[in-house]
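Derivation of every value follows stated rules applied to the coordinates shown; laboratory data play no part. The structure displayed is predicted, hence computed values, not measured ones. Using ideal geometry, Cβ is built from the backbone for each residue, glycine included, and neighbour counts are taken over all protein chains shown.
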């Protein structure tokens with residue numbers, strides 16, 4: 001019998017921030033805060049995602065869905081040939 005997989009139906013995360021350097025004409029003019037969300041954990045493996053797998057983000061207003069990507073989805077060949 002296969003081991004029972006467990007993954008929560010939902011996760012509560014907090015959106016953090018990351019700084020991007022802003023440059024103009026090659027000169028540093030300041031830093032900008034941008035939202036950042038980090039996903040990690042065994043629950044991702046349990047949900048069927050593998051290390052190194054390509055995923056596609058489907059983005060709508062206030063919603064992001066993560067789904068496995070496929071070459072048939074119209075992505076250029078170089079995306080699939082990167083190591």
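Brief remarks follow.
- Overall form of region 1-63 per C-alpha gyration tensor (a/c, 1.5; a/b vs b/c): prolate
- Efficiency of FRET from Cβ geometry, residue 77 and residue 43, R₀ 25 Å, rounded to 0.05: 0.20
- Projected label distance in nm at residue 20 and residue 34, using a 7 Å step from Cα toward the beta-carbon: 0.3
- Residue with peak Gaussian network fluctuation, the chain [Cα springs, cutoff 10 Å], from 29, 51, 66: 29
- Sorting the segments 37-49, 10-22 by their residues' average number of neighbouring beta-carbon atoms within 10 angstrom, most packed first, yields 37-49, 10-22.
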